[in-house]
Amino acid sequence: MAGLPLFPTSVVGSFPRPEWLMRALRDLRAGRISSEEFESYLDDAVLATLKEEEAAGLDVVTDGEQRRLSFFFAELFEGMEYRPLYQLAETPEARGYLESLGIHRGVYHPVAVGPLQLRLERVEREAGFALRYASRPLKFTLPSPYMLMIDSWNRSLSSEYYPSPEDLGFEVAKLLNRAVRRLAEMGVFFVQLDDPSLSNPIDPKYYRLVEMVNGYRPRQPIEEELELARDLINEAVRGVSGVKLGVHVCRGNWPGPEEAMPRGGYEKIMPYMEELRVDQLVLEFATPRAGSVEVLRGTGKEVGLGVVDVKRPEVEPPEVIERRVEEALRYVDAGRLWLNPDCGFASGATWPVQPRRRSFEKVRAMVEAARRLRKRYGA
Ligand SMILES: [Zn+2]
């Protein structure tokens, strides 16, 4: 595969923004700098992140999603906006629920507020800039249509344009398909659709959140909801070739307390993930909340194995990471295993789970583990 070594290393996507970029964002919002000036800071932040990921030794790099306010990537669509999540949560009960999950007040949430149109030029600019400066193959992340359906369809703000959540979901899938095709043409190596929502049937904490905030209700029995999620994702990648495709599933990694986070193994959703028309499942496994890797037995997919717990502050030593890989090797061939952290280190600009330097050290330890494993497994 494109000259990649055994146990290729990558990241899930986001990387903490430099402090000066966050300051520039505050300056932009306060009108102290122009959007052109801010754009030049974004370029610098992307350059810094690409080179930092390369310095860490990653085989497949990202731009750290520096240009996005969050991994929801609402900027991708005309007709979609970010709103403060606590503003969307209108009742004291809903706000209390967000607080109980440890979600802080700076979190922005995507909302469909009009007919959606793809801003293809945004994809072209973002991927084009990263491709120009990256000296390793590039991974580009997009939000999954299922996730955007459950998160951005809002009964009071969206139903005038999209009467049902599915209307919105299939529209998003169609638009994303154009973006994926363009990314393949441009020479992006790996397109990953992010879908933490696929894990909602494992632990319905987040379904409760979107029901309270948006009025979204999952289908019952839950198997019907999983079929819908599968169909939406497959629609987004339909007919695409010439690029590696993946789907990332985690339980959400906001900086809340561990006991408030969703938990449970992949057993219930694995059959549906196997039916996704993608090459790789990028799954968190380092966190004990993700259950056993035994669920990978018999998978027909490549696995982007989460081997670094993004929420734990300590940098796991390479030996610990190697043991996690060896556990997975009981169920998956070495040739189909990639190493990555469980999730992004900063799925939103304003809610990183780790500081920038520590994120680098955690990735560095993972790269060292991969180097040792290659020696042991002979490539
Ligand atoms: Zn994740």
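The values are calculated or read from the model by the stated rules, or taken from the named source; none is laboratory data. Keep in mind the model is a prediction, meaning the values are calculated, not measured. Cβ sites come from the backbone with ideal geometry, for glycine too, and all protein chains shown count toward neighbours. Ligands, DNA and RNA are excluded from the accessible area calculation, which covers all protein heavy atoms including side chains. Shrake-Rupley method; radii C 1.70, N 1.55, O 1.52, S 1.80 Å.
Results, tabulated for the structure shown:
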{"read-out": "Residues Leu28 and Val240, FRET efficiency given R0 of 41 Å [Cβ-Cβ distance, rounded to 0.05]", "value": "0.75"}
{"read-out": "Loop sites in the stretch 268-376: trypsin sites (Lys or Arg not before Pro), DSSP, at most 12 other Cβ within 10 Å", "value": "Arg297, Arg330"}
{"read-out": "Positive-end residue of Ser159, Leu148, Val188, charge dipole of the stretch 133-247 with Cβ unit charges", "value": "Val188"}
{"read-out": "Cut-off 15 Å (backbone N to label point 7 Å along Cα→Cβ of Phe38), residues of the stretch 333-361", "value": "349-350"}
{"read-out": "Most mobile listed residue (Leu157, Leu232, Leu28) in the chain, GNM with C-alpha springs under 10 Å", "value": "Leu28"}
{"read-out": "Sparse-neighbour loop sites [trypsin sites (Lys or Arg not before Pro); the stretch 21-84; at most 14 other C-beta within 10 Å; DSSP]", "value": "Arg32"}
{"read-out": "Contour excess over end-to-end distance, with Cα ends at Arg323 and Glu267 and 0.36 nm allotted per residue", "value": "18.0 nm"}
{"read-out": "Dipole moment magnitude, nearest 20 debye, the chain about Cα centre, only Lys, Arg, Asp, Glu C-beta charged", "value": "780"}
{"read-out": "Low-density loop positions, GluC sites (Glu not before Pro), the stretch 1-100 - DSSP coil, at most 15 other Cβ in 10 Å", "value": "Glu90"}
{"read-out": "More than 18 angstrom apart: percent of Cα pairs within the stretch 92-158", "value": "61"}
{"read-out": "Carbon plus sulfur fraction of accessible area for the chain, probe 1.4 Å, in percent", "value": "50"}
{"read-out": "Computed over the stretch 232-379, Kirkwood Rh from alpha-carbon pairs, angstrom", "value": "16.1"}
{"read-out": "Å² of accessible area per residue within the chain, as computed with a 1.4 Å probe and no ligands counted", "value": "38"}
{"read-out": "13 Å beta-carbon shell around Pro145, net charge (K/R +1, D/E -1)", "value": "-4"}
